[in-house]
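Take a look at the structure below.
Derivation of every value follows stated rules applied to the coordinates shown; laboratory data play no part. Fair warning: this is a prediction, and the values are worked out from it, not measured in the lab. Note that each Cβ is placed from the backbone with ideal geometry, even for glycine, and that neighbours are counted across all protein chains shown.
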Amino acid sequence: MGISVIKGGFELFKNTLKENEFVFTYLEYSSVIFKIGDYLISIDPAVFPPDIFNKISKLHFVLYTHSHSDHFNLDTALKIYETWASIIFAPEDVHKELYPYLPSSHLIKLKPRIKARVKNLTIATIEGKHVCPILLYLISLGSLSVFHGGDSGHVDLSKLSAKIAFVPVGYPSPTASPEDAVRMVEDLKPKYTIPIHGRQPDFKEFIEIIKKKKIDTTVIEAKPGEVYLLS
């Protein structure tokens, strides 16, 4: 796989990708949008800039890790549903917020340690470590698997693996840290790692530890709003 930064790359979100291709953009905190196979997925889109929102023709699935305001925003979630009729996967606290507004056909409550299958896509949930209940996700399609760590501290992930990992490195989470993110990477052994949810010193420290430990992963320092193609 190689890494490309694609200018005007939001057009790629409309295309069917090849088997091992992966397209993503990082927004803010733990918010990401990515394309895997035919599916465009967003995780924790509390912040959804209008210029990016308006470039997306269809958002198939939305997943939330928990209800803290830097991960979930009710108005944004309702706008997503009203625009694209997206299917939303939510832990109990987020489900409680959305239940009065969305039909059950488009709102799926998730618990830790389960697997949900939608067509040929598998969504596995992992119980994270935070000041409130939090779900982490491992999303798989064929041979491609993607991990998202919300803003959790380290939990044992050594029985899992991921080709691509979004790992939280710190601020403003009281549980995430560069050290905990490195431990996630050591467990998952991803080919590509994208640090999220932190300040610049957190990102810098994370990268320094990865280099010092000589961990075999390629770290992508994603700039918010840029589109990256892994192929």
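Couplings 3J(HN,Hα) of segment 84-93, computed from phi: 10, 6, 5, 7, 10, 9, 9, x, 4, 5 Hz, in residue order, whole Hz [Karplus 6.51 cos²θ - 1.76 cosθ + 1.60, θ = phi - 60°; x for Gly and Pro].
Under 19 Å of direct C-alpha separation, and excluding same-chain neighbours fewer than eight residues apart, Lys191 reaches these aspartates and glutamates: Glu19, Glu21, Asp156, Glu179, Asp180, Glu208, Asp216, Glu221. The distance linking segment 1-53 with segment 83-147 is 18 Å (Cα centroid to Cα centroid, whole angstrom).
Most tightly packed first, judged by the mean number of other beta-carbon atoms within 10 Å of their residues, the peptides 100-107, 76-83 read 76-83, 100-107.
Calculated over the chain, the projected area of the Cα convex hull averaged across directions stands at 11.2 nm².
The ellipsoid equivalent to the alpha-carbon distribution of segment 114-231 has semi-axes of 21, 17, 14 angstrom, derived from the gyration tensor eigenvalues as √(5λ) and listed largest first.
So which of Lys7/Lys58; Lys96/Lys223; Lys14/Lys163; Lys109/Lys211; Lys159/Lys214; Lys119/Lys204 end up more than 28 Å apart, counting from Cα to Cα?
Where the Cα-Cα span goes over 28 Å, the pairs concerned are Lys96/Lys223; Lys109/Lys211; Lys119/Lys204.
May I ask you to list the trypsin sites (Lys or Arg not before Pro) in segment 173-231 that are in a DSSP loop and have at most 12 other Cβ atoms within 10 Å of their Cβ?
Working: sites: Arg183, Lys191, Arg199, Lys204, Lys211, Lys212, Lys213, Lys214; in loops: Lys191, Arg199, Lys214.
Passing both the DSSP loop test and the Cβ count: Arg199, Lys214.
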